[in-house]
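Trainee: Got a structure here, written out as structure tokens. Questions coming.
The values are calculated or read from the model by the stated rules, or taken from the named source; none is laboratory data. This one's a predicted model, so the numbers in the text were calculated from it and none came from an experiment. Heads up, the Cβs are rebuilt from the backbone with ideal geometry, glycines too, and the neighbour counts pull from every protein chain shown.
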2 protein chains.
Amino acid sequence: MDQIDAFQDKITSDQTESQTYELDTDQVDEIVDALDAGDFALVRSLCAPLHYSDVADLLEWLSTADRLRLLDVLGKDLDSDALAELDDTVRDEIIEYWGLDNIVQAVTDLDSDDAVDFIEDLDEEDQQRVLQAMPAEDRTFIVESLKYPEDSAGRLMQRELVSVPEFWTVGKTIDFMRQSADDDPESLPEAFYDIYVVDPAHKPVGAVTLSSLLRTRRPIKVTDIMWTEMHIIPVSTDQEDVAYLFRQRDLVSAPVVDDGGRLVGAITIDDVVDVIDDEHEEDMMLLAGVGEDDLYDAALDTAKSRFIWLTVNLLTAVLASAVISLFEATIEQIVALAVLMPIVASMGGNAGTQTLTVAVRGLATKELTATNSARLITKELLVGSINGVLFAVIAGCVAWLWFDDLALGLVIALAMVVNMTIAGLAGTSIPVLLERAGIDPAIASSVFVTTVTDVVGFFVFLGLAAWILL
Amino acid sequence: MDQIDAFQDKITSDQTESQTYELDTDQVDEIVDALDAGDFALVRSLCAPLHYSDVADLLEWLSTADRLRLLDVLGKDLDSDALAELDDTVRDEIIEYWGLDNIVQAVTDLDSDDAVDFIEDLDEEDQQRVLQAMPAEDRTFIVESLKYPEDSAGRLMQRELVSVPEFWTVGKTIDFMRQSADDDPESLPEAFYDIYVVDPAHKPVGAVTLSSLLRTRRPIKVTDIMWTEMHIIPVSTDQEDVAYLFRQRDLVSAPVVDDGGRLVGAITIDDVVDVIDDEHEEDMMLLAGVGEDDLYDAALDTAKSRFIWLTVNLLTAVLASAVISLFEATIEQIVALAVLMPIVASMGGNAGTQTLTVAVRGLATKELTATNSARLITKELLVGSINGVLFAVIAGCVAWLWFDDLALGLVIALAMVVNMTIAGLAGTSIPVLLERAGIDPAIASSVFVTTVTDVVGFFVFLGLAAWILL
């Protein structure tokens, strides 16, 4: 007893010390040192206890040279699940280094949904090579899955699930699972949380949670404890909608049906968590004009992928400059205008970005809808004008005191009110209109909004100055 | 049979038609129309079939006036779970309208983790009033939970869980759950995915997934099928680390222990999904300088919460203006500089924001670590200088052709290379340094980075112009 307690105390205190759970930098350093020293036995023994997610992290964190050395050392011992967890860029590098034929075995070891995730990124020729090497049963499912659009429920689901006919009892269901586990453990999914009740046409009629199965006595029929309000997901559903459904309904799994309504797979929460992460990353990156795999891409690829967005930004910056050039004569006479004009544009751009971020997030979480969009736009107009007035007073006083010119202060104050109000309007209405036009509001909003605030900011400030001060 | 098939076809086609799952705008309009017409029976019958998450959405989307009218109509029929799903701002409005005493009952109906979530936002006096009204058993747990820091595992966990001693068999465990369900269904959690094996001191020694329990024969001992590598979470763990652990290990539930290592609760994936969403939202909003509950706040509150960030932005804009004012004499002689200078600053700002977003996201997902940060900074320096050279050529040509002045083109080209390289450096090193200093890299990075690119952009461009062109 004391021994167990001591062991427990150790576990607990270990856990308390390292509460952040990620792979330790010291561990990584130790592994790199062992690689440098050529002590491959030590490398293998350091990597052996690592969870496959940590192995994936380790491979991602290392430099390319260290990564390939580590691959040489680990060789066939590399967990196929680690391969599935890897970032696309790093995985491609490994496929190229090892050659596709050497990792086909790893792919066939994966769960069906992870295998699809792996294969869908390969080019067609490589896809065929991997599929040929797979057992026929797995192959059929994967070929089927690849027919569904990318980012659809059909790609996300796994084939492995437990379904039972309507007339079965709790006892019969439990016996069936015990028998399956003895006869062919592979036929059961690795982890599952619901079993599905299907009619003779294999259409789902209800779901039974494992917890309700466990607390119900054997003679009760599954149809008596099944949950019929379950959410049946058609294979072609977009993964973003699947994620929304899981979040909204606190689901842990849901059945997927084909066009004929027949049960063909199940989606579980762990896949959905990855989708939520991906969709979020996409929103955040699109807002800043960055590609998704940016972090591990080579410098040249990164530079190339960011080039397009920077070009768009250059065009809008030139547009803003063109507006300024309309007032060259005015600036020549009052050079203070050149000093102050970036303040008006910058405050408008910032206020616009604040509003835009709230709107894009609201649209992504479906909190901003047709019902309340008009109300939100009105609110943001009001927020923009309130802060516009406040910063008009502040910036006006700064300009007045700095250049000892009350009229100049008045001009910047007026321009500030106008630009920050327009920022509130543009920051909400542009993403809402893009969403209605079927364009992802995250992608283009930010250019449009800052273009509006730059152009309006410079035009109003310099225009008022030309009109009032000259 | 035909009837069931027809029913199934209907379900399937309904599902296929509305694949987006969110509450339908038409439904909302119908409910608002019924409210306007005073047909309260219709309102109630329209709301009755809605899931509690949809009721929460409905309340959030309506205007304040409609919301309070709907509350009057629904009255005590309002699902307490809907109350738990509400945005804080909207919930506060409802508490104020109904009075706290009228919703105490609703709170006592909630799962313990949702009740904590509800109570933690109240002020101390209101907390006491709600706690007094609760059954003693629930109260103890909630008082206990509230002692843990906000956003800790202790706040996130629920008390309801199933734990069994080490000597039990699968059969005994199943019998125990069936008996509990008959005797006191409240004692079992509504949904659970693992049961925990505990030693006599109530310390967890392993976890058994329900699926493994179901496929194992009755005489087998739980210790033979338990999973001992489970992740034990100390109550004080930050919820962000809990979310990381769940994601990294694809967990659906995990046991929570107190300082003595005793099992005190369990965290399930549905709570973690909410945390993941919250943390995402926080990162995105912080980057733009917006508060979290922004969407449903009143205009004045929103304006106030954004004021601070805008003030910081004003200070940095004035700093940039001060740099420009150093070169007033230069601008007076060559007014084209005033026209072109925003291009240099804007390109630097954009390149810096791209880099910054990748770095902040990488830090949040722990993909950017001490191991690879030096490598990433080097990479971003390279990316910045590659794009810097490309845009130097483009912007240089634009300026040359526009103002028919080759030297001016050279000046803007040089300034562009310098500023975009600095942007790459600042965009990665600033968030990395903030993270090391223990400051959330999302919050302050964006000001620092654009301040650097504005100041450097204006200074280098105008400085080079003064040196070369005059």
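Trainee: Hey, does region A:398-416 have a residue that's closer than 22 Å to B:Leu295 by Cα and assigned to a helix (DSSP H, G or I)?
Mentor: Let us first name the residues in region A:398-416 that are closer than 22 Å to B:Leu295 by Cα, namely none.
No, because not a single residue in region A:398-416 is closer than 22 Å to B:Leu295 by Cα and assigned to a helix (DSSP H, G or I).
Trainee: Just one of (1) aliphatic (A, V, I, L, M); (2) buried (at least 24 other Cβ atoms within 10 Å of the Cβ); (3) out of contact with any Gly (no Cβ under 9 Å at 6 or more places or on another chain); (4) facing another protein chain (nearest Cβ under 8 Å) trips up A:Met347, so point out which.
Mentor: All conditions are met except number (3).
Trainee: So which pairs qualify, if the first residue must be in region A:186-200 and over 16 Å from A:Thr169 (Cα atoms), the second must be part of a loop (DSSP other than H, G, I, E, B) and of a type in the set (Gly, Ala, Ser), the Cβ gap must be under 9 Å, and the two must be at least 6 apart or on different chains?
Mentor: Partner pairs satisfying both residue conditions: A:Tyr193/B:Ala191.
Trainee: Taking the condition within 23 Å of A:Gln179 (Cβ to Cβ), out of contact with any strand residue (DSSP E or B) (no Cβ under 6 Å at 6 or more places or on another chain) and either surrounded by 22 or more Cβ atoms within 10 Å (Cβ to Cβ) or outside the structural domain of B:Glu137 (by TED's automatic domain parsing) (or both), does B:Leu213 pass? I'd like the intermediate steps shown before the answer.
Mentor: Details: within 23 Å of A:Gln179 (Cβ to Cβ): yes; out of contact with any strand residue (DSSP E or B) (no Cβ under 6 Å at 6 or more places or on another chain): yes; either surrounded by 22 or more Cβ atoms within 10 Å (Cβ to Cβ) or outside the structural domain of B:Glu137 (by TED's automatic domain parsing) (or both): yes.
Criteria met by B:Leu213.
Trainee: If you don't mind, another one. May I ask you to verify whether A:Thr451 is of a type in the set (Ser, Thr, Tyr), surrounded by fewer than 24 Cβ atoms within 10 Å (Cβ to Cβ) and in a helix (DSSP H, G or I)?
Mentor: Details: of a type in the set (Ser, Thr, Tyr): yes; surrounded by fewer than 24 Cβ atoms within 10 Å (Cβ to Cβ): yes; in a helix (DSSP H, G or I): yes.
Yes: the conditions hold for A:Thr451.
Trainee: While we're here: Any idea how many residues of region A:137-187 are within 18 Å of A:Ala266 (Cα to Cα) and either more than 10 Å from chain B (Cβ to nearest Cβ) or among the polar types (S, T, N, Q) (or both)?
Mentor: 29
Trainee: Same structure, new question: What are the residues in region A:259-284 that are hydrophobic (A, V, I, L, M, F, W, C) and within 9 Å of chain B (Cβ to nearest Cβ), if any?
Mentor: Just the residues of region A:259-284 that are hydrophobic (A, V, I, L, M, F, W, C), to begin with: A:263-264, A:266-267, A:269, A:272-273, A:275-276, A:284.
Selection gives A:Ile269, A:Val272, A:Val273, A:Ile276, A:Met284.
Trainee: Take the residues of region B:350-380 that are more than 8 Å from chain A (Cβ to nearest Cβ) and of a type in the set (A, V, I, L, M, F, W, C): which is nearest to the chain's Cα centre (by Cα)?
Mentor: Within region B:350-380, the match that is nearest to the chain's Cα centre (by Cα) is B:Ala364.
Trainee: Report, by residue number, each residue of region B:327-367 that is of a type outside the set (Val, Ile, Thr) and part of a loop (DSSP other than H, G, I, E, B).
Mentor: Within region B:327-367, the first condition is being of a type outside the set (Val, Ile, Thr), and the residues that meet it are B:327-329, B:332-333, B:336-338, B:340-342, B:345-352, B:354, B:356, B:359, B:361-364, B:366-367.
Result: B:Phe327, B:Lys366, B:Glu367.
Trainee: Can you go through B:Val447, B:Val455, B:Val383 and tell me which one is of a type outside the set (Ser, Thr, Tyr), farther than 28 Å from B:Val312 by Cα and within 13 Å of another protein chain (Cβ to nearest Cβ)? Break it down into steps so the answer makes sense when it comes.
Mentor: Details: B:Val447 fails: farther than 28 Å from B:Val312 by Cα; B:Val455 fails: farther than 28 Å from B:Val312 by Cα.
Just one listed residue meets the conditions, B:Val383.
Trainee: Let me ask something else. Pull out all pairs, ordered by first then second residue, where Cβ-Cβ is under 9 Å, the residues are six or more apart or on different chains, the first lies in region A:373-398 and is of a type in the set (Lys, Arg), and the second is surrounded by fewer than 21 Cβ atoms within 10 Å (Cβ to Cβ) and part of a helix (DSSP H, G or I).
Mentor: A:Lys379/B:Ala299
Trainee: Which condition number does B:Ala370 fail, the rest of (1) in a helix (DSSP H, G or I); (2) out of contact with any Leu (no Cβ under 7 Å at 6 or more places or on another chain) being met?
Mentor: (1)
Trainee: From the residues in region A:145-175 that are of a type in the set (Asp, Glu) and out of contact with any helix residue (DSSP H, G or I) (no Cβ under 8 Å at 6 or more places or on another chain), which one is modelled with the highest pLDDT?
Mentor: First, pick out the residues of region A:145-175 that are of a type in the set (Asp, Glu): A:150-151, A:160, A:166, A:175.
From what's left, out of contact with any helix residue (DSSP H, G or I) (no Cβ under 8 Å at 6 or more places or on another chain): A:150, A:175.
Details: A:Glu150: 86, A:Asp175: 93.
For region A:145-175, the residue satisfying everything is A:Asp175.
Trainee: In region A:22-55, which residue that is within 21 Å of B:Ala374 (Cβ to Cβ) and among the aliphatic types (A, V, I, L, M) is nearest to the other protein chains (Cβ to nearest Cβ)?
Mentor: A:Val28
Trainee: Can you confirm whether region A:243-258 contains a residue that is more than 9 Å from every other protein chain (Cβ to nearest Cβ) and either modelled with pLDDT under 90 or surrounded by fewer than 19 Cβ atoms within 10 Å (Cβ to Cβ) (or both)?
Mentor: Yes; the residues of region A:243-258 include at least one that is more than 9 Å from every other protein chain (Cβ to nearest Cβ) and either modelled with pLDDT under 90 or surrounded by fewer than 19 Cβ atoms within 10 Å (Cβ to Cβ) (or both).
Trainee: Have a look at A:Ile443, A:Ile430, A:Ile439 and point out the one that is under 26 Å from A:Thr369 (Cβ atoms), modelled with pLDDT under 95 and not in a helix (DSSP H, G or I). Lay out the reasoning, then the answer.
Mentor: Numbers: A:Ile443 fails: not in a helix (DSSP H, G or I); A:Ile430 fails: not in a helix (DSSP H, G or I).
Just one listed residue meets the conditions, A:Ile439.
Trainee: What's the number of the only condition in (1) within 24 Å of B:Pro189 (Cβ to Cβ); (2) at the interface with chain B (Cβ under 8 Å from one of its Cβ atoms); (3) in contact with a Ser or Thr (Cβ under 6 Å, 6 or more places away or on another chain) that A:Gly206 fails to meet?
Mentor: For A:Gly206, the exception is condition (2).
Trainee: Would you point out which residue out of A:Asp54, A:Asp66, A:Asp72 is assigned to a helix (DSSP H, G or I), within 17 Å of B:Arg249 (Cβ to Cβ) and at pLDDT 85 or above?
Mentor: A:Asp54
Trainee: Picking from B:Val323, B:Val318, B:Val273, B:Val264, which residue would you name as being buried (at least 17 other Cβ atoms within 10 Å of the Cβ) and not in a helix (DSSP H, G or I)? Step through it out loud before you land on a result.
Mentor: Working: B:Val323 fails: not in a helix (DSSP H, G or I); B:Val318 fails: not in a helix (DSSP H, G or I); B:Val273 fails: not in a helix (DSSP H, G or I).
Every option except B:Val264 fails the conditions.
Trainee: Hey, does region B:191-199 have a residue that's modelled with pLDDT of 90 or more, of a type in the set (Asp, Glu), farther than 19 Å from A:Thr209 by Cβ and touching a helix residue (DSSP H, G or I) at 6+ places or on another chain (Cβ under 7 Å)? Full working, then the answer.
Mentor: Our first condition is that a residue be modelled with pLDDT of 90 or more; within region B:191-199, this holds for B:193-199.
With the extra rule that they be of a type in the set (Asp, Glu), the set shrinks to B:194, B:199.
Then keep just the ones that are farther than 19 Å from A:Thr209 by Cβ; that gives B:199.
Adding the requirement that they be touching a helix residue (DSSP H, G or I) at 6+ places or on another chain (Cβ under 7 Å) leaves B:199.
Within region B:191-199, one or more residues are modelled with pLDDT of 90 or more, of a type in the set (Asp, Glu), farther than 19 Å from A:Thr209 by Cβ and touching a helix residue (DSSP H, G or I) at 6+ places or on another chain (Cβ under 7 Å).
Trainee: Same structure again: In region B:303-344, which residues are of a type in the set (S, T, N, Q), facing chain A (nearest Cβ under 9 Å) and touching a residue at least 60 places away in the same chain (Cβ under 8 Å)?
Mentor: B:Asn313, B:Thr316
Trainee: Taking the criterion of being within 10 Å of chain A (Cβ to nearest Cβ), crowded, with 22+ Cβ neighbours inside 10 Å and within 27 Å of A:Leu188 (Cα to Cα), would at least one residue in region B:217-228 satisfy it?
Mentor: no
Trainee: Within region A:229-242, take every residue that is at the interface with chain B (Cβ under 7 Å from one of its Cβ atoms) and closer than 27 Å to B:Leu251 by Cβ and give me the one that is surrounded by the most Cβ atoms within 10 Å (Cβ to Cβ). Please lay out each step first, then the result.
Mentor: Residues of region A:229-242 that are at the interface with chain B (Cβ under 7 Å from one of its Cβ atoms), as a first pass: A:232, A:234, A:237, A:241.
Now restrict to residues that are closer than 27 Å to B:Leu251 by Cβ: A:232, A:237, A:241.
Details: A:Ile232: 22, A:Thr237: 26, A:Asp241: 18.
The residue in question is A:Thr237.
Trainee: Quickly run through region B:437-458 and pick out the residues that are polar (S, T, N, Q) and closer than 21 Å to B:Ile343 by Cβ.
Mentor: Of region B:437-458, the ones polar (S, T, N, Q) are B:445-446, B:450-451, B:453.
Matches in region B:437-458: B:Ser446, B:Thr450, B:Thr451, B:Thr453.
Trainee: If I ask for residues that are of a type in the set (D, E, K, R), surrounded by fewer than 20 Cβ atoms within 10 Å (Cβ to Cβ) and over 30 Å from A:Ala336 (Cβ atoms), which ones from region A:357-405 would you list?
Mentor: As a first pass, look at region A:357-405 and keep what is of a type in the set (D, E, K, R): A:361, A:366-367, A:375, A:379-380, A:404-405.
Pick out the ones that are also surrounded by fewer than 20 Cβ atoms within 10 Å (Cβ to Cβ) and you get A:366-367, A:375, A:404-405.
Passing the criteria: A:Lys366, A:Glu367, A:Arg375.
Trainee: Going through region B:56-78 one residue at a time, which ones are free of Cβ contacts under 8 Å to residues at least 12 places away in the same chain, within 11 Å of chain A (Cβ to nearest Cβ) and charged (D, E, K, R)?
Mentor: Within region B:56-78, none qualify.
Trainee: Could you please let me know if A:Leu300 is within 8 Å of another protein chain (Cβ to nearest Cβ), touching a helix residue (DSSP H, G or I) at 6+ places or on another chain (Cβ under 9 Å) and surrounded by fewer than 21 Cβ atoms within 10 Å (Cβ to Cβ)?
Mentor: Values: within 8 Å of another protein chain (Cβ to nearest Cβ): yes; touching a helix residue (DSSP H, G or I) at 6+ places or on another chain (Cβ under 9 Å): yes; surrounded by fewer than 21 Cβ atoms within 10 Å (Cβ to Cβ): yes.
Spelling it out, A:Leu300 is indeed within 8 Å of another protein chain (Cβ to nearest Cβ), touching a helix residue (DSSP H, G or I) at 6+ places or on another chain (Cβ under 9 Å) and surrounded by fewer than 21 Cβ atoms within 10 Å (Cβ to Cβ).
Trainee: So which residues in region B:227-251 are part of a loop (DSSP other than H, G, I, E, B) and touching a strand residue (DSSP E or B) at 6+ places or on another chain (Cβ under 7 Å)? Lay out the reasoning, then the answer.
Mentor: Within region B:227-251, the subset part of a loop (DSSP other than H, G, I, E, B) is B:228-232, B:235-237, B:250-251.
Selection gives B:Thr228, B:Met230, B:His231, B:Ile232, B:Val235, B:Ser236, B:Thr237.
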